[in-house]
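Derivation of every value follows stated rules applied to the coordinates shown; laboratory data play no part. Note that the coordinates shown come from a computational prediction; the quantities given were computed from them, not determined experimentally. For neighbour counting, all protein chains shown are included, and Cβ atoms are generated from backbone atoms with ideal geometry for every residue, glycine included.
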Amino acid sequence: MLKLLVTGSAPLDDYVKREIEKRKGSIKDLVVQTLDSIYILNNPTYITDDDVLICGAMLFEEFKEIGVRGNLIPLRVQTNDFYKALVKASKISNEVNVVNYQKEYIQSIPENLTNMREELDSIFKIKMNQYTYVTTEDAANLVSKLKSEGQRVVIGSGLIVKLARELGMEGILWYGKESVGLAVDIAFNVLTAKLAEQSYQKRQNYVLEIFNEGVINLSVTGRLLSINHHAVELLGLWDHSDLTSQLISDILPKSEVLDVLSAGKVVKDLVLQYKKRTLLLNTLPISVNGSFDGIVAFISDAETLQRQENKIRRKMNYKADTATYHFGDIVGKSKQTTRAIDKAKKFARSDSNVLILGESGTGKELFAQSIHNESSRANQPFIAVNCAAIPENLLESEFFGYNDGAFTGAKKGGNPGLFELAHNGTVFLDEIGEIPLSMQAKLLRVLQENMVRRLGSPTAIPINVRVISATNVNLIEDVKAGKFRMDLYYRIAVLNLYLPRLSDRRGDMGLLVKMFTAKKYPAFLPVIQDFLNDMLPLLEAHEWHGNIREFENTMERLFAYIETPHQCSRNELLTYLREAIEENNLLLNQVSFENASYQEVIKDIEVSKIKEVLDKTNGNKKEAAKILGISRSTLWRKLNEQVSSK
């Protein structure tokens, strides 16, 4: 809020306020305040940098001396006003006394008047005496002396006029309309400049906040004050050589964009079509001192925003993973489950590497996240990666990162690897048994030296990570077969955690059923609780080769059969449950399962699928690998594994 302050003695302050009132309407909500000079002298910090203060010449010097801030505007006596004061004084007495601050007035005015004292005396037929003062006390003593000498009239500032009138003398103020008007004009020029500065600053702030978007800055009349190149591109304005100061209505065709910009109202996240583009438009009207002063508009390309959002989501989900599970999320109170949880909690207190062993669907990542969240690294990154899901030719760059230009198609500026991103945190390597031997040697080196070297980089980067690995294969057998390095095995398997199969935790079946129902199908919970004891024998008798994943699929199938929790009898529920379980057996019976482990069954299913795709591609292994989403080397390895096992 802008303030214009006035200080000085009567009647000067009244003259100034009258001139201010004439101009006040040009600046909305301007605060005009009259202050006693004594208050300012005692409280100089009351005046702020943005305040404008009109005062007399003597006060101006005193205020400057004590460091009063703000914009100080002294009243200066104009020659015409001085002449008018002399005319008025000559009508009262033939002897006139001119009292000025510090210097005699005639000596302080322009040089062409400095030798005109005699001429003035002759013109006005008066005798003119000049006096000076420095302090208020000096002024009072001087006026009192003049009174005692029989002087009748005094010309001077508001202070001098006030002192003379108090003693019964004629006091004539030498500040007239011209002097006061000039000071007030200067004050309003300063105030106007401050308004413009505030307006500019606000606009700059808005631009800086969203500088990656298209930005248009319009005046109150709709003229372009500024426009960035993003806005020029989005609105297709490249053909215009100079856009500044043009009316927006002259450069934009009739469109919804023009309508919104011309309305001058707040618009948030407005989606509209413009020249085959989908745009997102936001506007912010500028208000300065309560008055509308134009708008700033921000324009975004919706397609670009969608790409950025997808990119951010991918980065958040992949590059900046966090562990969300805790030990409290693990369902089960059987001896086997309790033993695994207790052991995992002990491992969490250590910083050694952990190898989690268990069949697919036993909750290896659930335990890995819980260990991380219970450890001293809980507030640091948790980066999880499925080693079998990354093509062999990308494993090194994904694990260790790469520098700019490291290979064809490398991202400009390079990219950090998983181990860099997990610095001070945990890396979870799921299905670690699928890492090829060539990559195992490089991983071993990183774990031994705690240093990682990006592809194409001459220098190594120190890292501090804990590695939790998981596998559903027998790594010892792979070590014996030469498929897995023994030295790497001992690096990752400092602590071993064995997770029980679901078939070995039959005591947890009731809790699992209730947990799954409450989470996914809460409306069915009363029915399940009524008949849970009848369901358990069927569930506990089944061999859960797929563990929790098979269990959840079976429950999903069961609830699909029931359809509604109302009017479901015990016999219907058990019939549906048997049917849901039997479908699992039908799937597994399609493959020879006699005397075979679950892992062997899965491998047979994989090979069967590979052969099916090879038939469709007439034996073209490159095309088959592309359809299956695996590399050719992985396809060859899986086929060779089957041959060697027979």
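Side notes on the structure shown:
- Near Arg453, the amide H atoms lying under 5 Å from its own belong to Ile461; only residues 5 or more places off or on other chains count, and H is placed 1.01 Å from N.
- At most 15 other Cβ within 10 Å, DSSP loop - trypsin sites (Lys or Arg not before Pro), the stretch 1-71: Lys28, Arg69
- Computed from backbone phi, the HN-Hα couplings of the stretch 553-567 come to 4, 4, 5, 4, 5, 4, 5, 5, 5, 5, 6, 9, x, 7, 6 Hz, rounded to whole numbers (Karplus: 6.51 cos²θ - 1.76 cosθ + 1.60, θ = phi - 60°; Gly and Pro given as x).
- With the charge dipole of the chain set up from +1 on Lys and Arg Cβ and -1 on Asp and Glu Cβ about the Cα centre, the Cα lying farthest toward the positive end among the listed residues Leu2, Ala231, Thr564 is that of Thr564.
- About the Cα centre, charge dipole magnitude for the chain (Lys/Arg +1, Asp/Glu -1 at Cβ), debye: 680
- One chain, two ends: Lys621 and Tyr200. Fully extended at 0.36 nm per residue, the span grows by 144.9 nm beyond their Cα-Cα distance.
- Restraint check, Lys22/Lys103; Lys22/Lys194; Lys364/Lys483; Lys343/Lys520, Cα-Cα greater than 24 Å: Lys22/Lys103; Lys343/Lys520
- In sequence order, calculated HN-Hα J values of the stretch 490-497 (Karplus, 6.51, -1.76, 1.60; Hz; x Gly/Pro): 6, 6, 8, 10, 5, 10, 10, 10
- Summed side-chain charge close to Phe484 - residues other than Phe484 whose Cβ falls under 11 Å, Lys, Arg +1, Asp, Glu -1: -1
- Each principal axis of the Cα cloud of the stretch 326-481 was evaluated for its coordinate range; sorted largest first, these ranges are 54, 38, 25 Å.
- Kirkwood-type radius of the stretch 164-254, with distances r between different C-alpha atoms, in Å: 17.3
- Between Thr79 and Ala523, the modelled label-to-label distance comes to 9.8 nm, taking each label 7 Å out from Cα in the direction of the beta carbon.
- Entry for Rg/Rh (Cα atoms, Kirkwood Rh) (calculated from the structure that is shown) out of (1) 1.01; (2) 1.30; (3) 0.95: (2)
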